[in-house]
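The values are calculated or read from the model by the stated rules, or taken from the named source; none is laboratory data. It should be emphasised that the depicted structure is a prediction, and the values quoted were computed from it without experimental measurement. A quick note on method: Cβ atoms are made from the backbone with ideal geometry, for glycine too, and the neighbour counts reach across all protein chains shown. The area values use the complete protein model at the heavy-atom level, side chains included, leaving out ligands, DNA and RNA. Shrake-Rupley method; radii C 1.70, N 1.55, O 1.52, S 1.80 Å.
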Amino acid sequence: MDLNLTLRLRALLATYKGLRDDSGLTPQKRGQAFNTLIADVLKAWGHNARPSVIGVGGRDETDVFFTIGHNYILEAKWEADPLSADPLTKLSERLSTRPPGTRAIVLSASGFNSNALEWINRHNELLLMDLSHIEAALCGLLDPEELLDRLYGETAASGNRLVPLADIVVPRHAEPDVPALTRVAAAPPPWPIIKTSAEGVDASVEFTGVWESDQYPSGISAAPANRLLITTNAGVVELHTTTGKTKWALALPGTEDRAVHNIDGSVTVLCRGALVRWHPKTRDLQLVAGGFGGYATLEAGRDGTLWVYNQVGGLASGSITISRIGERPGDETRHDVPFPNGMRAVHLTDERHFLSGSGHSTPVDVSKNPSADEENWIVSAVPNPRAAASPDEHTILVASIRSSLDGSLQYLDLGKAPAWTELLTFTANRATDLTVERTSATRVEGWLLADASGNTQNPTPVLVKLALPTASPS
């Protein structure tokens, strides 16, 4: 997603929030604003669109007219109650005054009642959409052209005129084979991974595998009951560390960075610049936030908050933000941070984070302006430390490759002098990510996800189990 589109979607998300929250808008004003928002979303993606088009002689009004391969007339309704069949009937009649090949859509922010759904089952000239469909384009998950292609494709296949977003984004019929991991006793990695370890550090290679090129891992996080979530280009893989079995937690192409397991069993993950939440029991895909095009990472705060660290336009000079995620798209609070070369924001406590960066790292407090004071910059122990984690508000752990296949895991206590301590060295192509938790006052346990693909094209994930001594914050 390019910079202009990302910034435009951020502005439209703010407009969307205002549309939802402004109780002073009359129904007519809200409807007009909704029409304009839909047209602006289409235009942001590069498509021709016009809101509130008056028909010849003033005989009708089209809420949104746009062209994406076909000419479309769209009726948009923002009402308190589910929509009845009346607007569907009127739009169907309007098609008789339009050229053949014109397509018609009814979009309802409040869904559709039983009469509308019964009516649409007897007619094939309209397509129905709900708020999740426009949110998919608004957050950056799908270009409207791709969205419409998938909706009409599923409608042609199944006859459903109101296709749930999940059915086109996570279709049941298209789930790929799940990537497998094998215990190292049965399939050792291509070379010894662990080189040296500091006193008291336990590190053992537990799992490895050879995956397809479109299953490249990008993040790892912990889930309850001895499970790990490994994010790949093809979706989020769940590994049970006791049985060694893998399955899809979410088979969604385009996912990146860490997935977050929620207490209700859902999974939240970044995908194509959007933050989505997947409820596997109900097969509901919910848009949570968006406008994160470019380089983005997801962080779960220890207080239950969600944060996205986002760079757009380059590591050295692009837009750098830390966003606190709200309940719905547009609710996110974005903080601009004047700090170049950052790789990941690790949550410490409240509004405080640790920015792990190339060259320098630093603690920041996004409630203050400026939040990143150069006096507090700390020389980074390794380059490109994207694999960074914090088991508590004082302790920082980072892993990266220093040169060639030379990897290092480093520890920093923010409560003491800013000096890094090397805990582990290893041999790998890449230190992908790190997940840790404090298990006692002086002990941290977790997992390092690395890659040992060598000169091959296939990713070779390696999972290293860690038990690390750290000093008490006091």
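Some notes on this structure:
- Annotation: of all residues in the stretch 403-452 being among the polar types (S, T, N, Q) and touching a residue at least 40 places away in the same chain (Cβ under 8 Å), the one that is nearest to A389 (Cα to Cα) is T435.
- Qualifying residue in the stretch 252-259 (condition: crowded, with 22+ Cβ neighbours inside 10 Å, at pLDDT 95 or above and assigned to a loop (DSSP other than H, G, I, E, B)): yes
- Filter result for S408 (open to solvent by less than 20 Å² (accessible area, probe 1.4 Å) and at pLDDT 95 or above): yes
- Filtering the stretch 426-443 to residues that are farther than 22 Å from A259 by Cα and at pLDDT 90 or above leaves F426, T427, A428, N429, S440, R443.
- If you go through the stretch 240-251 and keep only what is open to solvent by 10 Å² or more (accessible area, probe 1.4 Å) and either in a loop (DSSP other than H, G, I, E, B) or not hydroxyl-bearing (S, T, Y) (or both), you end up with H240, T241, T242, T243, G244, K245, K247, W248, A249, A251.
- Residue in the stretch 433-446 that is under 29 Å from the mean Cα position of the chain (by Cα), open to solvent by 10 Å² or more (accessible area, probe 1.4 Å) and closer than 19 Å to V210 by Cα present: no
- Output for the stretch 46-57, where each listed residue is modelled with pLDDT of 95 or more and out of contact with any strand residue (DSSP E or B) (no Cβ under 9 Å at 6 or more places or on another chain): G46
- Test for N455: is it open to solvent by 20 Å² or more (accessible area, probe 1.4 Å), more than 26 Å from the chain's Cα centre (by Cα) and under 30 Å from T246 (Cβ atoms): yes
- Within the stretch 328-368, restricting attention to residues that are open to solvent by less than 40 Å² (accessible area, probe 1.4 Å), closer than 20 Å to F292 by Cα and of a type in the set (V, I, T), the residue that is modelled with the highest pLDDT is V346.
- Count of the stretch 100-124 residues, restricted to those that are touching a Leu at 6+ places or on another chain (Cβ under 8 Å) and either under 25 Å from E135 (Cβ atoms) or open to solvent by less than 50 Å² (accessible area, probe 1.4 Å) (or both), is 16.
- Taking the criterion of being open to solvent by 20 Å² or more (accessible area, probe 1.4 Å) and more than 16 Å from A116 (Cα to Cα), the residues of the stretch 69-88 that qualify are G69, H70, N71.
- Subset of the stretch 369-404 [more than 23 Å from L298 (Cβ to Cβ) and open to solvent by 60 Å² or more (accessible area, probe 1.4 Å)]: N369, P370, D373, E374, E375, N376, W377, V379, R402, S403, S404
- Within the stretch 296-327, the set of residues being open to solvent by 20 Å² or more (accessible area, probe 1.4 Å), assigned to a strand (DSSP E or B) and at pLDDT below 90 comprises S319 only.
- Test: residue in the stretch 58-65 that is closer than 29 Å to C271 by Cα and out of contact with any Pro (no Cβ under 9 Å at 6 or more places or on another chain): no
- When the stretch 11-43 is filtered for residues that are open to solvent by 30 Å² or more (accessible area, probe 1.4 Å) and within 26 Å of G69 (Cβ to Cβ), the ones remaining, listed by number, are T36, D40, K43.
- Residue selected from the stretch 350-371 under the condition aliphatic (A, V, I, L, M) and in a strand (DSSP E or B), by the criterion farthest from the chain's Cα centre (by Cα): V364
- Count of residues meeting criterion [out of contact with any Cys (no Cβ under 9 Å at 6 or more places or on another chain) and at pLDDT 90 or above] in the stretch 1-25: 16
- Restricting G244, G200 to residues that are more than 20 Å from S400 (Cα to Cα), small (G, A, S) and in contact with a Lys or Arg (Cβ under 7 Å, 6 or more places away or on another chain) narrows the list to G244.
- Of all the residues in the stretch 125-151, those that are part of a helix (DSSP H, G or I), touching a residue at least 40 places away in the same chain (Cβ under 8 Å) and either open to solvent by 50 Å² or more (accessible area, probe 1.4 Å) or not aliphatic (A, V, I, L, M) (or both) number 5.
- Number of residues in the stretch 154-196 that are in a helix (DSSP H, G or I) and surrounded by fewer than 13 Cβ atoms within 10 Å (Cβ to Cβ) equals 6.
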